[in-house]
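J.: Encoded as structure tokens, here's the structure I'll be asking about.
The values are calculated or read from the model by the stated rules, or taken from the named source; none is laboratory data. These numbers were taken from a predicted model, which means no experiment stands behind them. Heads up, the Cβs are rebuilt from the backbone with ideal geometry, glycines too, and the neighbour counts pull from every protein chain shown. We work out accessible area using only protein heavy atoms, side chains counted, and drop any ligands, DNA or RNA first. Shrake-Rupley method; radii C 1.70, N 1.55, O 1.52, S 1.80 Å.
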Amino acid sequence: PGMTGYEVCDVLKVDTRLAEIPVIFISAMQDTEAKVSGVEHGGQDYITKPFRLEEVFARVETHLEIHRLRRSITEQNQQLVANQSSLKDTNARLEAANRHGLETNQALLEHMVAMSALNRLAQAFAITSTEQGVLDATATHIRRVVAAATATIHLSESGGYGLRRYTMDKNEGAI
């Protein structure tokens, strides 16, 4: 009362709680302008009188299904956005772990080069048993560094799982 069907549709479409409700106009006006006006005001369909009840039911069911599918697509898009954000975070963590692994590999390589040089020196010169003990302790320390680096690489590859703690007794020093 007091409002046209177009005006009622306008009111529904500005209310965010009601805006998604499909509107089907049923009218005796059969001209093209009336149908176009109904769509311009937010209507999804336009049925002219006289009509058959089966046609109305079929169209209502069709528009409800379209509405359900749109809602499902919106929810799936939101989930995809959330997944994309999660993947970006995971990728950033993996890149950081990869950089750390590369830095560890570089340090490991430097220690291995130093150990190789020490071994060549030991072979080139006759060394005392004390010096041999120092070399052996250094070799033990380097092997532990290698083990720690390997554990770090495994940790970065596994996403944080599988971390093992490497310990040394008090006579061997600490990593």
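J.: Please list, or write none, the aspartates and glutamates whose alpha carbon is within less than 19 Å of the alpha carbon of residue 88, excluding same-chain residues fewer than 8 places away.
T.: By straight Cα distance, residue 88 reaches 157.
J.: Right, here's the next one. Ignoring ligands, DNA and RNA, what accessible area per residue does the stretch 1-59 give at 1.4 Å, in Å²?
T.: Values: 4160 Å² over 59 residues.
Computed with neighbouring chains in place, this is 70 Å² per residue.
J.: So if each residue of separation counts as 0.36 nm, and I subtract the Cα-Cα distance between residue 99 and residue 80, what length gain in nm does that give?
T.: Numbers: separation 19, 0.36 × 19 = 6.84 nm, distance 2.81 nm.
So the extension gain works out to 4.0 nm.
J.: Okay, moving on. Positive end of the dipole of the stretch 73-157, charges at C-beta (+1 Lys, Arg; -1 Asp, Glu), about the Cα centre: which of 85, 154, 114 has its Cα farthest in that direction?
T.: 114
J.: Starting from the alpha-carbon convex hull of the stretch 9-123, give the projected area averaged over all orientations, in nm².
T.: Computed as one quarter of the Cα hull surface, the answer is 12.9 nm².
J.: Taking 0.36 nm per residue of sequence separation and subtracting the Cα-Cα distance, how much length would be gained by fully extending the chain between residue 16 and residue 135, in nm to one decimal? Intermediate values should be presented prior to the final figure.
T.: On the way: separation 119, 0.36 × 119 = 42.84 nm, distance 7.72 nm.
Length difference between fully extended and current span is 35.1 nm.
J.: Another one. How much accessible area per residue does the stretch 101-154 have, counting only protein heavy atoms and a probe of 1.4 Å, in square angstrom?
T.: Values: 3540 Å² over 54 residues.
Averaged over the residues of the stretch 101-154, the accessible area is 66 Å².
J.: Where the centroid of each part is defined by its Cα atoms, how far is the stretch 45-95 from the stretch 110-124 in Å?
T.: 68
J.: Cα to Cα, under 13 Å, and not fewer than 8 places away if on the same chain: which aspartates and glutamates meet these conditions relative to residue 49?
T.: In chain and number order, the partners are 31.
J.: Right, another one. Can you tell me the FRET efficiency between residue 87 and residue 24 if r is taken as the Cβ-Cβ distance and R0 is 30 Å, rounded to the nearest 0.05? Numbers along the way, then the final one.
T.: Values: r = 41 Å, r/R0 = 1.38.
For R0 = 30 Å, the calculated efficiency reads 0.15.
J.: Follow-up question, since we're still on this one. What is the percent carbon and sulfur in the accessible area of the chain, measuring with a 1.4 Å probe over the protein chains and ignoring ligands?
T.: On the chain, the fraction of accessible area on carbon and sulfur atoms equals 58 percent.
J.: Relative contact order of the chain, please, whole-number percent, based on alpha carbon pairs below 8 angstrom and at least 6 residues apart.
T.: On the way: 100 pairs, mean separation 25.8, N = 175.
Averaging sequence separation for qualifying contacts and normalising by length gives 15 percent for the chain.
J.: Ranking request for peptides 37-46, 55-64, 78-87: highest mean number of other beta-carbon atoms within 10 Å first, then the rest in descending order.
T.: Details: 37-46: 17.4, 55-64: 12.9, 78-87: 10.0.
Result, highest mean first: 37-46, 55-64, 78-87.
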